[in-house]
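Quick notes on the structure that follows.
The values are calculated or read from the model by the stated rules, or taken from the named source; none is laboratory data. Because the structure is predicted, anything quoted here is derived from the model rather than measured. Neighbour counts run over all protein chains shown; Cβ positions are idealised from the backbone, glycine included. The accessibility values were calculated without ligands, DNA or RNA, using every heavy atom of the protein model including side chains. Shrake-Rupley method; radii C 1.70, N 1.55, O 1.52, S 1.80 Å.
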Amino acid sequence: SAGEIGAEGYTRHVSTAEAMEGEREPDWKGILAQHTAAFEFLRSPEYCSQRQVQTEHAMAANAACHRLRLPNKANWWLQEAKKSFRLQWSSDPEVFLLYA
């Protein structure tokens with residue numbers, strides 16, 4: 001099914017991102033692309049139970065943007081992380097500060 005194919009792609013994006021992050025000189029553009037793809041996959045309603053993982057992908061993308069000196073894009077990812085976090089945990093901004 002399409003969901004299974006998508007899930008396999010998601011798993012591939014995650015494992016590729018992890019491998020790239022473990023390199024001596026990480027490819028931050030590649031890492032950003034992998035976390036972006038994983039985040040987008042989890043955006044679908046079928047994966048609403050995975051909001052915590054989606055938040056983690058957004059935070060990883062945020063970190064990659066900082067490494068690439070892309071402050072506007074980093075801030076966009078931070079906002080996406082907050083949205084995903086709110087969907088799962090709370091709309092109270094203080095709660096997100098505890099997480100981040």
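Note down the nm distance, to one decimal, between modelled labels 7 Å out along Cα→Cβ at E8 and at D27.
Once both label points are built, they end up 2.2 nm from each other.
Once fully extended, how much extra length lies between A19 and S49, figured as 0.36 nm per residue of separation less the alpha-carbon to alpha-carbon distance?
8.3 nm
At a 10 angstrom cut-off on C-beta neighbours, averaged per residue, how do the peptides 62-73, 41-52, 18-29 rank from highest to lowest?
62-73, 41-52, 18-29
Can you sort H35, H13 by solvent-accessible area, 1.4 Å probe, largest first?
From most accessible down to least: H13, H35.
Can you give the Rg to Rh ratio for region 1-73, taking only C-alpha atoms and Rh from Kirkwood?
Reported Rg/Rh (Cα atoms, Kirkwood Rh): 1.00.
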